[in-house]
Amino acid sequence: MPIIINLDVMLARRKMSLTELSEQVGITMSNLSILKTGKAKAVRLETLESICRVLDCQPGDILEFRSE
Amino acid sequence: MQNQVILCQNPTEFEKRKGLNNINMNTKNQIKLIKVIYIVILLSGLIISTFGDGIEGFKKGMEDANNGVSLSFNLLSFLQGILLIIILFLSLRVFLYLYRFMDAVERGEVFSVENIERLTTMGWYCVMLSFGTFLFNCLELTRFTLSAIMNVGFEFWLLVLGITLLTIAFVFKKGIELKQENDLTI
């Protein structure tokens, strides 16, 4: 898929685990896992907003486009 | 679902969930009732046709034997026999798939790949049955003229049923795609 989710990178920078992120954002671990592994078909803006607020970053830090 | 402990801060939320559980129970009971009615109709139809037509056929055979009617090989009758077996087989398969479909819906599996396969198979079987029964009726003709064939009854309702089932299968397939898309929306 051309859109890459760089959640791992941001989590490492903020020294946060996936479990902590799921608790703070309010998404289940399974959903976060789907997002992290690139299986997600769509992301709601409010979810993206919550993740960016918790990780203190921009959407562009998490989402990356790579042409195939 | 029935043993689930529900923690609700809001009393109206509890009432809403209780209401939803009641609706689910009502739907399950309705499906159970439909299944029972289906089995009763199927069994009664089977018993009536077995005892009714079966005994009549046996009596006719006995009469022919007593009257000294010689049995000669008739290709058309043989083909009719083969066709009858195929029609019976396909009909039984349709009934079985329908029962399994209702069973799956009762268990909560509505939009599943197996249900789509069942609906598609039932649809194609019904289409084949409509042409199969037409062919069976045509084989009973004494003269194979165009006007005689045109007068043979065609089970349009079976064809329409088959096409409807195929359409429903397509709708279910789209439903699964939408569900997957929704499930994979974070």
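Structure data summary
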| read-out | value |
| --- | --- |
| Exceeding the 30 Å Cα-Cα cut-off - candidates A:LYS36/B:LYS174; A:LYS41/B:LYS35; B:LYS35/B:LYS179; A:LYS39/B:LYS32; A:LYS15/B:LYS179 | A:LYS41/B:LYS35; A:LYS39/B:LYS32; A:LYS15/B:LYS179 |
| For the protein assembly as shown, fraction of C-alpha pairs farther apart than 31 Å, in % | 57 |
| Charge dipole of segment A:3-65 about the Cα centre (unit charges at C-beta), most positive-ward option of A:VAL43, A:MET16, A:LEU55 | A:VAL43 |
| Residues with amide H under 5 Å from that of A:LEU63, placed H, sequence gap 5 or more | A:ASN6 |
| Cut-off 14 Å between beta-carbons: net charge of the residues surrounding A:GLY26, Lys and Arg +1, Asp and Glu -1 | -2 |
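Every number here is computed from the coordinates shown, using simple stated rules; none is lab data. Quantities reported herein were computed from a predicted structural model and do not represent experimental measurements. When we count neighbours, we look across all protein chains shown, and the Cβ atoms used for this are built from the backbone with ideal geometry, even at glycine.
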